[in-house]
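Engineer: Sharing a structure below in structure tokens format, with a few things to ask.
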DNA sequence: CTTCAATGTAACGTAAAGGTTACATGTCAG
DNA sequence: CTGACATGTAACCTTTACGTTACATTGAAG
């Protein structure tokens, strides 16, 4: 069961006019963390997923989903 | 910003009549993982949070929330 | 009370999340 | 073209998620 976690962070972030650095500050992680999550390099914790969804005004399920 | 991730896994799991072992099998982790997440001993990955929410027929936000 | 299933939890190991710092590359306004 | 800001990414480190196994405790049914 090889599932990858896809997301629409970049799409939504740019819609709202945030840079990675601004989003990072809002959810209290580093810019690198936002960048790597956004690019699917690693899977965030549930805590971070909830914070990101809140900051981007989407539900966790709208922001992240399992593929494959 | 000391936030802990609270959840209603146990409440919902017993409502649906699952044991920890059954839920674990459905979301493809060990019983220990379900047990420790349920008891707040650790924060699950976003992937696991999404699978648990799906298995328990709730949204991630209904199943998990940030306290404090 | 006894038995058995369900749950809690401890020790230990591995893999991955996420931080820090630094630098390279993209991109766009002027 | 040039400078400034945004983004990608590499090296390295620490913490923690999650697995395995095993055992103790709880609780409900007979």
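The values are calculated or read from the model by the stated rules, or taken from the named source; none is laboratory data. These numbers were taken from a predicted model, which means no experiment stands behind them. Here the Cβ positions follow ideal geometry from the backbone for every residue, glycine too, while neighbour counts run over all protein chains shown.
Engineer: Only one residue in A:42, A:64 is within 13 Å of chain B (Cβ to nearest Cβ), surrounded by fewer than 16 Cβ atoms within 10 Å (Cβ to Cβ) and closer than 20 Å to residue B:44 by Cβ. Which one?
Structural biologist: A:42
Engineer: For the range A:1-23, name all the residues that are crowded, with 18+ Cβ neighbours inside 10 Å and within 14 Å of chain B (Cβ to nearest Cβ).
Structural biologist: Result: A:5, A:7, A:9.
Engineer: Sticking with this one: Could you say which residue among B:3, B:61, B:57 is away from DNA strand D (no atom under 11 Å from the Cβ), on the phi < 0 side of the Ramachandran plot, modelled with pLDDT of 95 or more and in contact with a helix residue (DSSP H, G or I) (Cβ under 9 Å, 6 or more places away or on another chain)?
Structural biologist: Going through B:3, B:61, B:57 in turn, just one is away from DNA strand D (no atom under 11 Å from the Cβ), on the phi < 0 side of the Ramachandran plot, modelled with pLDDT of 95 or more and in contact with a helix residue (DSSP H, G or I) (Cβ under 9 Å, 6 or more places away or on another chain): B:61.
Engineer: For the range B:45-61, which positions are away from chain A (no Cβ under 12 Å) and buried (at least 20 other Cβ atoms within 10 Å of the Cβ)?
Structural biologist: Those that are away from chain A (no Cβ under 12 Å) and buried (at least 20 other Cβ atoms within 10 Å of the Cβ): B:55, B:56.
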